[in-house]
Structures are given as structure tokens and as C-alpha cells.
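Nothing in this text is a laboratory measurement; each read-out follows from the coordinates by a stated rule. Because the structure is a prediction, the values reported are computed rather than measured. So basically every Cβ, Gly included, is an ideal-geometry build from the backbone, and we count neighbours across all protein chains shown.
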Amino acid sequence: MFWTDWEENNARIERAFTDGSNRTPLKTTSLKFPNGLAIDFNTHKLYWCDAGTHVIGRMNFDGSESQVVYESLSHPFGLDVYHDKLYWTDWKKTSIFQGSKYGGRKTVLKKETEYLYGVRIYTKENQAGTLCYENMAAIDITFKIRRHFPDFVLIKIHFFNLINSKCQTW
């Protein structure tokens, strides 16, 4: 697992096994408020955004080859990666952005979003691992939550019921 820590004068990005063992600092310099993390399983890169240094960067899973991809951003907060694109939220610009994971031009996808904490792309290829299924029944429930009149947030919950199981590696 990967996480960020905003500890004053010691902000960092770390990793560990899911049982908490093998804790390893990956990046301990040039960080102030590292917020979002995104894992690119295809290229074995970890992307991060930092609202204090106003950048989006990437590195290998072991912390090597750290580099800045976008700089001079306003207040990047949430971050995700899908194929060759990065998606991030910005608190000061109250927008969702899209840009190449290699840097360059960025595009505003949605303005006036208020304070979005995160953005996530849910696809099969973004979920490394194994899917087990057989006789799977799925139920989708979509509901609206009123945030501020007249805006709504749509929430979709996907329930699975497994009777027997088979495994498929992605």
C-alpha cells in the first residue's frame, strides 16, 4: 500500500505491505502537502499531487526516477490515472482537469465543482488482481444526495452476491 503524510517539515510518501511491515519512505524531499496518489499498474509508476508545492509528479514503485510532470498548478488535491491521461481536482480553481501523464497541455473537464476531495476512474484494467465469480447476481442502486440547492451528487452502489466461485486473473 502507498500513502502520504503531511507531517510539518517532514512531508513524505511511503509504502508498506498490507500488514504494515516493510515500511519504506519513497519520497521525503520537495514535498509540502502531498494529497493525491494514483497507481499506474501498466507502467509501474506512482503519481502524486502536492498542493503545497503546486505540482504533479511520478516515480517508480521503489521511489526511484522521481520527476515532476506538471508544475505551477493552483491547489491540486485528488488524482487518478487512466491509460495515458491524468485526472485531478483543484481546490482553488474548483475544477476537474485532464492532461497527459507525460506532461504538456491540460484541459478543464468541469468547472465550479466546489471542494472535491478525490477523483477515481473505475475500470477493470485499473484493478490489478483476481476476480472470483460464478452465479453472481448484481444489484445497482443509484440515489441522489442534495448538497446545495440546486446541485445533486449521484451515488451508485454495486452489490454482488456470490453463490459459488471461480477465479479469473485480470
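Between ASN9 and LYS92, the simple label model (points 7 Å from Cα in the Cβ direction) yields a spacing of 2.5 nm. Using the Cβ-Cβ distance between ILE121 and ARG23 with R0 set to 41 Å, the FRET efficiency from 1/(1 + (r/R0)^6) comes to roughly 0.90.
The string of couplings for region 67-84 from the Karplus curve (6.51, -1.76, 1.60, θ = phi - 60°) is 8, 8, 9, 10, 10, 6, 7, 7, 7, x, 10, x, 8, 8, 10, 8, 6, 9 Hz, one whole number per residue in order, with x for Gly and Pro.
Classify region 4-116: rounded, prolate or oblate, from the alpha-carbon gyration tensor (a ≥ b ≥ c, eigenvalue square roots; a/c under 1.5 rounded; otherwise prolate if a/b is larger than b/c)? Prolate. Residues whose amide H lies under 5 Å from that of HIS75, counting only those 5 or more places away or on a different chain, are TRP91, LYS92, LYS93; hydrogens are built 1.01 Å from N in the peptide plane. Compared with the alpha-carbon gap, the fully stretched path from SER30 to MET1 is longer by 8.3 nm at 0.36 nm per residue.
Summarising the amide proton neighbourhood of ASN35: residues at separation of 5 or more, or on other chains, whose placed amide H is nearer than 5 Å comprise CYS49, ASP50, ALA51.
A simple spin-label model places the labels of SER100 and SER64 2.6 nm from each other, with each point 7 Å out along Cα-to-Cβ. Note on region 42-114: lysine pairs with Cα distance below 12 Å, sequence gap of 8 or more or different chains, count 6. Which shape class applies to region 1-49: rounded if a/c is under 1.5, otherwise prolate when a/b exceeds b/c and oblate if not, where a ≥ b ≥ c are the square roots of the Cα gyration tensor eigenvalues? Oblate. Sorting the segments 44-56, 83-95, 2-14, 101-113 by their residues' average number of neighbouring beta-carbon atoms within 10 angstrom, most packed first, yields 44-56, 83-95, 2-14, 101-113.
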